Structure formats: structure tokens, C-alpha cells
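Encoded as C-alpha cells, the structure appears first; notes follow it.
The values are calculated or read from the model by the stated rules, or taken from the named source; none is laboratory data. Quantities reported herein were computed from a predicted structural model and do not represent experimental measurements. Cβ sites come from the backbone with ideal geometry, for glycine too, and all protein chains shown count toward neighbours.
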Amino acid sequence: MDPGLVYDATSQDYVNLRSALNVTEHQIKTITKSSSNDCSRASRDLNYSAFITFYNANTSSYSPIKKFRQTVTNVGDSTSSYKAEVTPMEGFDVTVVPDKLTFSVREVEIQA
């Protein structure tokens, strides 16, 4: 298996997402099988290869532009390049910045 890039997400990130989606603390405990969940940091930002966004055009805070930030770790070859490929839903424009990630190893000389 060669995953190349992995998205760094912890179990707490999933608890935060469930809290933001109004899943109750009791339901989260049932899902995680843990009673030590921190449900106080609700967040819809999940570092994952897919995105979730909610639109409600009937509110004064409606914005048609959504920005997402992802963090990835290169677990592939030390010299690797990855290019974003996006298939947006009809009626949506999607821009990825940067659209290409390049990893390279630079040799470092250490003198004793």
C-alpha cells in the first residue's frame, strides 16, 4: 500500500464535527464508546479529503464563498509531486491553492 498523502485527523476532530452537527453528548459516547469526550469544541472543519458545508441563504450572515484549509503529511517517496483534481458539483466553482504540492529532500552537510 502506498497512500502518498494522508490527512491528519484525530478522534477529537470527529467528536468536534459531531458536536457541530448537534449530535448529543450521549450519542457521541455511544459512537466512541468513551466517556471522556470533550464536546465543548464544536467545529465543522474536519481535515479530510471531502468537504462539508451548509448554506442558508435566508440569514444575514450568508456568504456564497467557503474556504477550507487542509493539512496533509507526505508518507510517499521523499521526492514526490501531487496535483489536485477536482470535480465540482454543477453550479459550483472550485479553486485549489496551491493546486500542486511538491516534496523534495535537500541534502544537508553536517560538519563535526
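Looking at region 75-93, which of the residues that are hydrophobic (A, V, I, L, M, F, W, C) and surrounded by 11 or more Cβ atoms within 10 Å (Cβ to Cβ) is nearest to ILE65 (Cα to Cα)? Walk me through it before giving the result.
Start the filter on region 75-93 by keeping residues that are hydrophobic (A, V, I, L, M, F, W, C), which leaves 75, 84, 86, 89, 92.
This time we only want the ones that are surrounded by 11 or more Cβ atoms within 10 Å (Cβ to Cβ), so: 75, 84.
Working: VAL75: 32, ALA84: 19 Å.
By that ranking, first place goes to ALA84.
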- Single unsatisfied condition, ASN56 versus (1) assigned to a loop (DSSP other than H, G, I, E, B); (2) under 19 Å from the mean Cα position of the chain (by Cα): (2)
- Message: Please count how many residues of region 37-56 are within 28 Å of GLU85 (Cβ to Cβ), surrounded by 14 or more Cβ atoms within 10 Å (Cβ to Cβ) and either among the polar types (S, T, N, Q) or touching a Cys at 6+ places or on another chain (Cβ under 6 Å) (or both).
- Response: 1
- Message: I need every pair where a residue in region 89-112 that is modelled with pLDDT under 85 has its Cβ under 8 Å from the Cβ of a residue that is surrounded by 10 or more Cβ atoms within 10 Å (Cβ to Cβ) and not basic (Lys, Arg), sequence separation at least 6 or different chains.
- Response: VAL105/THR79
- Members of region 9-36 found to be at pLDDT 90 or above, surrounded by 13 or more Cβ atoms within 10 Å (Cβ to Cβ) and part of a loop (DSSP other than H, G, I, E, B), listed by number: VAL23
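Has region 102-112 got any residue that is assigned to a loop (DSSP other than H, G, I, E, B), among the small types (Gly, Ala, Ser) and out of contact with any strand residue (DSSP E or B) (no Cβ under 9 Å at 6 or more places or on another chain)?
Keep residues of region 102-112 that are assigned to a loop (DSSP other than H, G, I, E, B), which gives 104-112.
Of the ones still in play, those that are also among the small types (Gly, Ala, Ser) are 104, 112.
Next cut, out of contact with any strand residue (DSSP E or B) (no Cβ under 9 Å at 6 or more places or on another chain) only: 112.
Scanning region 102-112, I find at least one residue that is assigned to a loop (DSSP other than H, G, I, E, B), among the small types (Gly, Ala, Ser) and out of contact with any strand residue (DSSP E or B) (no Cβ under 9 Å at 6 or more places or on another chain), so the answer is yes.
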